[in-house]
Amino acid sequence: MPRPRRHHAEIERGLLAATIACHPREFVGIVIAGVATVAILVNALFLQHGPHPTPIFAKRLVTIQQAPTALPQSQAAAAQSVESRSQTQIVGDIQRELHSRGFYDGAVDGVWGAKSDAAVRDFMQAAGLKIDPAPGVSLLRAITASNARAGSLAAEPTLARKDSIAELIAPSPPPSKRVLSIQRALADFGYGQIKPTGVYDQDTRAAIEKFERDRKLPVDGRISDDFVRDLAAMTGRPLD
């Protein structure tokens, strides 16, 4: 039995050798093509460090879309509170600016009420502005950019438009001892560089307005009995 199998194998080897001998070029080409194919497969499967640009077995990418996560209730409440504080701060700044100019005598609490609205309208009239009176950044900018003050010449256009020649011709009022005492008291306590002339003028009026704002009094710049009483109480001496 072993001899026929060995004989058959020898016959096959002889046929292969005869075929190679008859077609040597074809055999060499087949061998080279086989070696090149094996080298390409080894390089593509084992020697590449990253994903091949054209892989043999393409992988299908599956994208998973995540639903947008809603903000927690605490963060949403914090955002609303920040927005509320911002509006409150703007209203407080408006009240503070109006108070410093003598238009507002209420509490600077950031709450918009009837006093705040009336103060804004008084400011608009004094400054000669026609703007939206609603509390906001634009209103705050208009107030800070204006020099209008309560009781100033801007609030009294008829006084501002007086004829300068008529003022020069008109006789000056006689000096008053009461006005002289008030001017000296205001100058002594730092309410302006006032010349003690005994004549009520714009410098005296501005000093009275500053005193009234500091004492939380209605700001009108006039020499009233209440003003004289408060000034005398502060200085500790009679002014009449």
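The values are calculated or read from the model by the stated rules, or taken from the named source; none is laboratory data. A quick note: this is a predicted structure, and the numbers were derived from the prediction, not measured. All Cβ positions, even for glycine, are placed from backbone atoms using ideal geometry, and neighbour counts span all protein chains on display.
Structure summary
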read-out: Scope the stretch 98-124; condition in a loop (DSSP other than H, G, I, E, B), under 26 Å from ARG205 (Cα atoms) and of a type in the set (Val, Ile, Thr); matching residues; value: VAL108
read-out: Any hit, the stretch 43-54, residues being at pLDDT 55 or above, of a type in the set (A, V, I, L, M) and not in a helix (DSSP H, G or I); value: yes
read-out: Boolean, ARG237 is in a loop (DSSP other than H, G, I, E, B) and either of a type in the set (S, T, N, Q) or on the phi < 0 side of the Ramachandran plot (or both); value: yes
read-out: Selection count, the stretch 195-210, where residues are of a type in the set (Ser, Thr, Tyr) and either modelled with pLDDT of 90 or more or part of a helix (DSSP H, G or I) (or both); value: 1
read-out: Odd one out for ALA206 among (1) under 22 Å from LYS115 (Cβ atoms); (2) crowded, with 17+ Cβ neighbours inside 10 Å; value: (1)
read-out: Odd one out for LEU140, checked against (1) assigned by TED's automatic domain parsing to the domain that holds GLY102; (2) modelled with pLDDT under 85; value: (2)
read-out: Every residue from the stretch 215-240 that is closer than 24 Å to SER100 by Cβ and surrounded by 16 or more Cβ atoms within 10 Å (Cβ to Cβ); value: LEU217, VAL219, GLY221, ILE223, PHE227, LEU231
read-out: Answer residue from the stretch 177-191, given it is surrounded by fewer than 18 Cβ atoms within 10 Å (Cβ to Cβ) and not basic (Lys, Arg) and is farthest from GLN95 (Cα to Cα) among those; value: LEU180
read-out: Residue in the stretch 27-42 that is modelled with pLDDT of 70 or more and closer than 30 Å to SER146 by Cβ present; value: no
read-out: When residues of the stretch 73-109 are limited to those that are of a type in the set (Asp, Glu) and at pLDDT 90 or above, the one surrounded by the most Cβ atoms within 10 Å (Cβ to Cβ); value: GLU97
read-out: Among the candidates THR197, THR204, THR235, residue that is among the polar types (S, T, N, Q) and within 21 Å of ALA150 (Cα to Cα); value: THR204
